[in-house]
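Novice: First, the structure itself, so that you have it in front of you.
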Amino acid sequence: QVQVVESGGGLVQPGGSLRLSCAASGSFTSIYAMGWYRQAPGKQRELVASIISGDKTNYADSVKGRFTISRDSASNTVYLQMNSLKPEDTAVYYCNVNIMLKGYWGQGTQVTVSS
């Protein structure tokens with residue numbers, strides 16, 4: 001059993017910053033990859049950023065230079081630092097944890113960028 005819990009969403013003005021956190025817990029020995037996805041109303045869920053064991057990172061073009069993904073392996077936690085936020089970043093952000101090639105999802109956290 002694996003539990004994935006996100007936190008840190010909220011309402012922020014354009015140009016502002018937010019930091020999302022995602023912690024994985026349960027019965028497992030190691031995590032292969034952790035990532036953040038988002039889904040805006042009426043749109044498909046899309047990959048925002050991911051980090052693979054060894055700290056290889058990948059970003060969607062729309063967030064490069066503004067978002068930073070990082071990972072604390074000791075606590076099985078992944079972070080998403082979001083700077084220079086834009087209204088188009090508004091979405092529900094989901095954390096995905098890949099363990100033994102199986103993905104586990106969190107419940108999502110709402111991020112709203114609006115003045």
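Novice: Can you pull the percent of the stretch 1-55's accessible area that's carbon plus sulfur, 1.4 Å probe, other chains left in place?
Specialist: Percent of accessible area from carbon and sulfur atoms in the stretch 1-55: 47.
Novice: Tell me which lysines have Cα within less than 18 Å of LYS86's Cα, excluding those fewer than 8 residues away on the same chain?
Specialist: Cα-Cα hits under 18 Å: LYS43, LYS64.
Novice: Please give the per residue accessible area of the chain, computed with a probe of 1.4 Å over protein heavy atoms only, in Å².
Specialist: 54
Novice: Using the Karplus curve 6.51 cos²θ - 1.76 cosθ + 1.60 with θ = phi - 60°, what ³J(HN,Hα) values do you get for each residue of the stretch 76-89, in whole Hz, with x for Gly and Pro?
Specialist: 6, 10, 10, 10, 10, 8, 10, 10, 6, 5, 10, x, 6, 7
The values are calculated or read from the model by the stated rules, or taken from the named source; none is laboratory data. Every value quoted in this text rests on a predicted model; they were computed, and no experiment measured them. Heads up: the accessible areas ignore ligands, DNA and RNA and are worked out on the full protein's heavy atoms, side chains in. Shrake-Rupley method; radii C 1.70, N 1.55, O 1.52, S 1.80 Å.
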